[in-house]
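Trainee: Take this structure first; my questions come after.
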Amino acid sequence: MHKREFLKVAGLAGLAAMADPKGLFAAEGHKTLLDGKAPFTLPPLPYATGALEPHIDKLTMEIHHDKHHGAYVKNLNDALANSPLGSLSLEQILARVTAKEAAIRNNGGGHYNHSLFWTLLSPQKTTPSAKLNKAITTAFGSWDDFQKKFSDAAKGVFGSGWAWLIVGTDGKLAITSTPNQDNPLMKELVKETGTPVLGLDVWEHAYYLKHQNKRPDYIAAFWNVVNWNEVEKRYDAAMKR
Ligand code: MN
């Protein structure tokens, strides 16, 4: 490798490490996507807070990442300090947590969901590959049907929660939603379990400053900034599990 090539690769690896210091979302072939352990840290956004404008505004991103996600991380670490779940990876924690451990459920879900969400957004326009397009249109009939079904799931969350595209335990793509910070990995708590490959936060804190009560406008804006490369990476990894 030429020196210049090496510096380029090393520089990219450095950037990736900065965006993902604990390797939370470093997909390595078949391995688990989440093998970091407590104490957890707030991963920096992989882009500037204003980079998603005009679709998602800078102030929302600042407060959402620094304050909301920051609080989930702090409260999760506090809750895990005296819990037998504290020695597990975040993914293992989500798979085991029950309704009795409310703080770990809410803040563990909050940390996982937001860490994932930031990577699923991109200031650069991306498009689904032919392979991903085929997988999605095969599952939902057409691309428009997929977008409508996902958007309807997001609109249909009563109060706070998330819409998800998951690879279910049967290996098939499905759309689902969860209340609050619940997540499809929470086997003890949610009806439809699977591996999330796309998620949308529909808590009011994700859109209220810009869109106030108009959640559908925020959902429409979201489609402009989806990182389809990341969705495909996660789809591929989920299919190998
Ligand atoms: Mn949020």
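Computed from the coordinates by the stated procedures, all read-outs in this text should not be read as laboratory data. Note that the coordinates shown come from a computational prediction; the quantities given were computed from them, not determined experimentally. Methodologically, a virtual Cβ is constructed for each residue, glycine included, from the backbone with ideal geometry; neighbour enumeration extends over all protein chains shown.
Trainee: Determine the distance separating the Cα centre of the stretch 138-171 from the Cα centre of the stretch 62-78; give it in Å without decimals.
Mentor: Each part's Cα centre sits 26 Å from the other's.
Trainee: If each DSSP helix of 4+ residues adds -39,500 (n - 2.57) and the sum is divided by the residues in the chain, what number results at 222 nm, nearest 500 deg cm²/dmol? Before the final figure, lay out each step's value.
Mentor: Details: 10 runs with 107 residues, N = 241.
It comes out at -13500 deg cm²/dmol, rounded to the nearest 500.
Trainee: On alpha-carbon atoms, Rg over Rh for the stretch 130-240 using Kirkwood Rh?
Mentor: 0.96
Trainee: Could you sort out which of Lys74/Lys187; Lys131/Lys172; Lys74/Lys214; Lys58/Lys210; Lys155/Lys214 sit more than 20 Å apart by Cα distance in this structure?
Mentor: As for pairs spanning more than 20 Å Cα to Cα, those are Lys74/Lys187; Lys74/Lys214.
Trainee: Oh, and also: Which value, in debye to the nearest 20, describes the size of the charge dipole of the chain about its Cα centre when Lys and Arg Cβ atoms bear +1, Asp and Glu Cβ atoms bear -1, and nothing else is charged?
Mentor: That gives the chain a dipole magnitude of about 360 debye.
Trainee: If you take the charge dipole of the stretch 51-143 about its Cα centre, with +1 on Lys and Arg Cβ and -1 on Asp and Glu Cβ, which of Gly110, Ala81, Thr98 is farthest toward its positive end?
Mentor: Thr98
Trainee: Oh, and also: Hey, what's the Kirkwood Rh for the chain if you take every pair of different alpha carbons, in angstrom?
Mentor: That comes to 18.4 Å for the chain.
Trainee: Moving on. Given the alpha-carbon gyration tensor of the stretch 48-107, what are the semi-axes of its equivalent ellipsoid in whole angstrom, ordered largest first, with each equal to the square root of 5 times an eigenvalue?
Mentor: Semi-axes, largest first: 30, 11, 9 Å.
Trainee: Which whole-Hz couplings ³J(HN,Hα) result when phi for each residue of the stretch 154-161 is put into the Karplus expression 6.51 cos²θ - 1.76 cosθ + 1.60, θ = phi - 60°, listed in order with x for Gly and Pro?
Mentor: Once θ is set to phi - 60°, the couplings for the stretch 154-161 become 5, 5, x, 5, 7, x, 9, x Hz.
Trainee: In whole Hz and in residue order, list the ³J(HN,Hα) couplings for the stretch 40-46 that follow from phi through the Karplus curve 6.51 cos²θ - 1.76 cosθ + 1.60, θ = phi - 60°; x for Gly and Pro.
Mentor: Going residue by residue, I get 7, 10, 6, x, x, 4, x Hz, with x marking Gly and Pro.
Trainee: Can I ask one more? Looking at this model, which pairs from Lys125/Lys191; Lys149/Lys233; Lys100/Lys148 are more than 31 angstrom apart at the alpha-carbon? Numbers along the way, then the final one.
Mentor: On the way: Lys125/Lys191 34 Å; Lys149/Lys233 22 Å; Lys100/Lys148 35 Å.
With Cα atoms farther than 31 Å apart: Lys125/Lys191; Lys100/Lys148.
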